[in-house]
Amino acid sequence: TFKNLYCDYLKLPIGPKMKELYFKTLKGIYPSAEFLNKRCKIELSNCVFCEEEIESTEHIFFSCMYSNTLWGDLIEWLEPKIRLASNFTFTKKDVMCGILLEDRRIEMLLNLCIIVGKFFIHKCKWIKTQPTFYSFKNELKHYCKTIAMLRTKAAIKMTEVISASNLL
């Protein structure tokens, strides 16, 4: 259910900054140029990646050609590992809110990838560099190795899912 999306991310083995970013994008309070203009009357600016559209939360994390390419490349990379449907794509709702699937293990893995991906895009925004799948994949692999060192119940479960999918 949608209620699960609001709470399940808290159970994932992710750091506080990733949880904070997820919360801010979920609640519509991410400090994009559009949000800051509405709240603080700060001048609107274009996307730091494509420089073509007004920087909104939706644009940064989903609609921008660079972010959208990252999500497409992620699906292409994951598809043979976890046997996604051949026409599977992330929707705006999936990226902004999380994904619900019947297979809870795949759901958990995809939501981890989405959250790490959004955090990666967020970091790219602040260092003013375009997100690339190659860099993201390295960061995701590094994060998965870090999770494997944790001994919490959630981390152990996630490590099992990562291992079963041959993500590393």
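The values are calculated or read from the model by the stated rules, or taken from the named source; none is laboratory data. Just so we're clear, the structure is a prediction, and the values are computed from it rather than from any experiment. Ideal geometry is used to build each Cβ from the backbone, glycine not excepted, and the neighbour counts take in all protein chains shown. Calculation scope for accessible area: heavy atoms of the full protein, side chains included, ligands and nucleic acids excluded. Shrake-Rupley method; radii C 1.70, N 1.55, O 1.52, S 1.80 Å.
Could you list, in sequence order, all residues of segment 91-109 that are of a type in the set (Lys, Arg) and either exposed (fewer than 15 other Cβ atoms within 10 Å of the Cβ) or at pLDDT 95 or above (or both)? Matches in segment 91-109: 92, 93, 104. The set of residues in segment 32-50 being within 24 Å of the chain's Cα centre (by Cα) and of a type in the set (A, V, I, L, M) consists of 33, 36, 48. Residue 127 meets all of the listed conditions (1) surrounded by fewer than 13 Cβ atoms within 10 Å (Cβ to Cβ); (2) modelled with pLDDT under 95 but one, namely (2).
Residue-wise test of (1) open to solvent by 70 Å² or more (accessible area, probe 1.4 Å); (2) without any contact (Cβ under 8 Å) to a residue 24 or more places away in the chain; (3) more than 19 Å from residue 129 (Cβ to Cβ).
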| residue | (1), (2), (3) |
| --- | --- |
| 37 | no, yes, yes |
| 49 | no, no, no |
| 52 | yes, yes, no |
| 77 | no, no, yes |
| 88 | no, yes, yes |
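Annotation note: Cβ proximity below 8 Å between a residue of segment 154-166 that is farther than 15 Å from residue 141 by Cβ and open to solvent by less than 10 Å² (accessible area, probe 1.4 Å) and a residue that is of a type in the set (Val, Ile, Thr) and assigned to a helix (DSSP H, G or I) (sequence gap 6+ or interchain) occurs for 155/147. As a summary of the residue check, residue 139 satisfies the conditions (1) touching a Phe, Trp or Tyr at 6+ places or on another chain (Cβ under 7 Å); (2) within 24 Å of residue 11 (Cβ to Cβ); (3) touching a residue at least 24 places away in the same chain (Cβ under 8 Å); (4) in a helix (DSSP H, G or I) except for the one numbered (3). Restrict the check to segment 133-151 and report whether at least one residue is farther than 26 Å from residue 24 by Cβ and of a type in the set (A, V, I, L, M, F, W, C). Yes - at least one qualifying residue is present in segment 133-151.
To keep it simple, each residue is scored yes or no on (1) open to solvent by less than 30 Å² (accessible area, probe 1.4 Å); (2) polar (S, T, N, Q); (3) in a loop (DSSP other than H, G, I, E, B); (4) in contact with a helix residue (DSSP H, G or I) (Cβ under 7 Å, 6 or more places away or on another chain).
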| site | (1), (2), (3), (4) |
| --- | --- |
| 111 | yes, yes, no, yes |
| 115 | yes, no, no, yes |
| 118 | yes, no, no, yes |
| 135 | no, yes, no, no |
| 145 | no, no, no, no |
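Screening 41, 19 for residues that are farther than 20 Å from residue 107 by Cβ and out of contact with any Asp or Glu (no Cβ under 9 Å at 6 or more places or on another chain) leaves exactly one candidate, 41. Evaluating residue 42 against the criteria (1) farther than 21 Å from residue 121 by Cα; (2) in contact with a Ser or Thr (Cβ under 8 Å, 6 or more places away or on another chain) leaves one unmet condition, (2).
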